[in-house]
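Remarks on the structure that follows.
Laboratory data are not the source of any read-out in this text; all were calculated from the coordinates shown. Because the structure is predicted, anything quoted here is derived from the model rather than measured. Note: ideal-geometry Cβ built from the backbone for every residue, glycine included; neighbour counts use all protein chains shown.
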Amino acid sequence: MGLQKNFLWGGASAANQCEGGIFEGGRGLANVDVCPAGTDRSDVICGRRKMLAMDQEHTYPAAEAVDFYHHFREDIRLLGELGVQVYRMSIGWTRIFPNGDEEEPNEAGLAFYEEVFKECRKYRIKPLVTISHFDCPIGLIKKYGGWRSRKMIECYLRLCRTLFTRYKDYVTHWLNFNEINMILHAPFMGAGLCFEPGENEEAVKYQAAHHELVAGALAVKMAHEINPENKVGCMFAAGSAYPYTCKPEDVWEALLTDQENYFFVDVQARGYYPSYAVKRLKKRGIWPEMEPEDLDVLKSAPVDFISFSYYNSRCIAAPGSGGEQAEGNLFQSARNPYLTFSEWGWPIDPLGLRITLNQVYDRYQKPLFIVENGLGAMDTPDENGEIHDNYRIDYLREHIRAMKAAVEEDGVELMGYTSWAPIDLISAGSGEMKKRYGFIYVDKQEDGSGTLARSRKDSFYWYQKVIETNGEELG
Ligand code: BGP
């Protein structure tokens, strides 16, 4: 019993939420840079309000973020002390190709990540690299409208080739797109999409999704050709949909919600469009335009493993019923009366993680990897500057217990677990700094003040023990 010896424990982050330094090293502007904090954020990340530059009116905390760009040596040293075996991180696309379509990559950007990988190696930390974590160059949005254009495939593959070749000696584990299903919920952040008045938004989203699916498959193929050791996973925002009641209409609606999510993984893991998607997209007149070879491409390169983020389950009612709404990771759903909620109103459902693991494994029978799970909370240092984040420990303990049960009792094949996020960073959903996830506190406040000093929270010592004992001692 117990988790396998080579189970990978770690932490996960994203370039645009931790690096800062957005004008340094020749980096170009990306969609994620122009998403402001505050009330307009949601319109911008959803593509309802077109903002392709930063302005004076808004604030952009992610421009400095927690300055990983200058603190990475210290940060990785702390991760080493924490004992992590894997660090999930992402590449800022515009550090490598500032406009997205240059012929030659930007050496300063490549050198930066090489240093990061070298530092990881010092502490025997394996990088797990997300090629695009909500990241699309503004240059490509202006020129092509983001992933609505097929031209994106070629630009993305140029990025992939550059990364696979340059980092061959450092990286063997990759994710092609972060939370690919977010195209449907946050299309500007997920795929650089802005909508014109009157246009069929669903059609644009599924067209963009098709381009990402083809690009993702070609990336898998390329990764294997460049280095047979390479393993590429897909990544989606998971969290099973529960029917609000046992009323068949609620059960049906929950099933549709799950299918909408699994659609992406169905294609990436099985290599073809599932029949429900073929029927429904055609019926709605939004079947994407394809090149004749696309379906063969999808077939030829399914992913090696399936990764996902899990923050909460969702509760789905038939239209017109279901009462109060709850928040969640960029989706809203009905409020589940059996659960408690985080300060940001996200449901807390550890058993939901076991349910999700079982459902995903039943469906695909491929190795899984939990690459995000954590609690966003406000942390207040006490008079000695210490943070006693028992709430975070409780959240993580219960989720890790549920994860272990899925492996040890249900037989789910799980490669590892990277919590979101080992070091405080900027929230993707809200753009705030005060929504913290880390084991390591960063002295950076909502108003931009702070020394950027790093310190260990109570959860740091707790997680250290968890890793040391391969999940046996959960406190
Ligand atoms: C996922 C993203 C992450 C991360 C996380 C937490 O959607 O992949 O980038 O931010 O959610 O969400 P938030 O930052 O909104 O609390």
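Restricting the calculation to Cα atoms, region 12-149 shows an Rg/Rh of 0.99 when the hydrodynamic-style radius is the Kirkwood one.
Of the GluC sites (Glu not before Pro) found in region 215-262, those in coil by DSSP whose Cβ has at most 15 other Cβ atoms within 10 Å are 229. Pairs of Cα atoms nearer than 8 Å and 6+ residues apart set the relative contact order; for the chain it is 17 percent.
The separation of region 396-410 from region 189-237, counted between C-alpha centres, amounts to 31 Å.
Here the Debye sum runs over all C-alpha atoms of region 197-323 as equal scatterers in vacuum, and log10 of I(q)/I(0) at q = 0.15 Å⁻¹ comes out as -0.81. Checking every one of the GluC sites (Glu not before Pro) in region 34-112 against DSSP loop status and a limit of 10 other Cβ atoms within 10 Å picks out 57, 103.
Think of it as helices only: each DSSP H run of n ≥ 4 in the chain is worth -39500 (n - 2.57), and spread over all residues that comes to -11500 deg cm²/dmol at 222 nm. Beta bridges assigned by DSSP with both partners in region 191-348 are antiparallel in approximately 35 percent of cases.
Each DSSP beta bridge with both residues in the chain is either parallel or antiparallel, and the antiparallel ones are about 20%. A DSSP coil position with no more than 16 other Cβ atoms inside 10 Å describes the following chymotrypsin sites (Phe, Trp or Tyr not before Pro) in region 337-382: 338. Loop sites by DSSP among the trypsin sites (Lys or Arg not before Pro) of the chain, restricted to those with at most 15 other Cβ atoms within 10 angstrom, leave 285-475 as the longest stretch without any of them.
Partner aspartates and glutamates whose Cα lies under 18 Å from the Cα of residue 50, excluding those fewer than 8 positions away in the same chain, are identified as 33, 40, 135, 196, 199, 201, 202. When its C-alpha radius of gyration is set against 2.2 N^0.38 Å (N residues), region 1-93 gives a value of 1.36.
In this structure, the pairs whose alpha-carbon distance is over 22 Å, taken from 118/404; 126/231; 142/282; 299/366; 221/299, are 118/404; 142/282. Over all other residues within a Cβ to Cβ distance under 10 Å of residue 416, the charged ones net out to +2, with Lys and Arg as +1 and Asp and Glu as -1.
For the chain, a simple Cβ point-charge model (Lys and Arg +1, Asp and Glu -1, everything else neutral) yields a dipole of about 1040 debye relative to the Cα centre. Taken about its Cα centre, region 194-316 carries a charge dipole of about 400 debye when Lys and Arg each add +1 at the Cβ and Asp and Glu each add -1 at the Cβ.
Which net charge results for the neighbourhood of residue 276, defined as the other residues with beta-carbon distances under 15 angstrom from its beta-carbon, given Lys and Arg at +1 and Asp and Glu at -1? So the environment of residue 276 carries a net charge of +3. Working value for region 62-134: equivalent-ellipsoid semi-axes of 23, 13, 11 Å, each the square root of 5 times a Cα gyration tensor eigenvalue, largest first. Region 69-122 and region 1-50 have Cα centres spaced 14 Å apart.
Every Cα-Cα pair in the chain was counted, and those over 34 Å apart are 29% of them. Here region 50-152 is assigned +1 on the Cβ of each Lys and Arg and -1 on the Cβ of each Asp and Glu. Its dipole about the Cα centre then comes out at about 540 debye.
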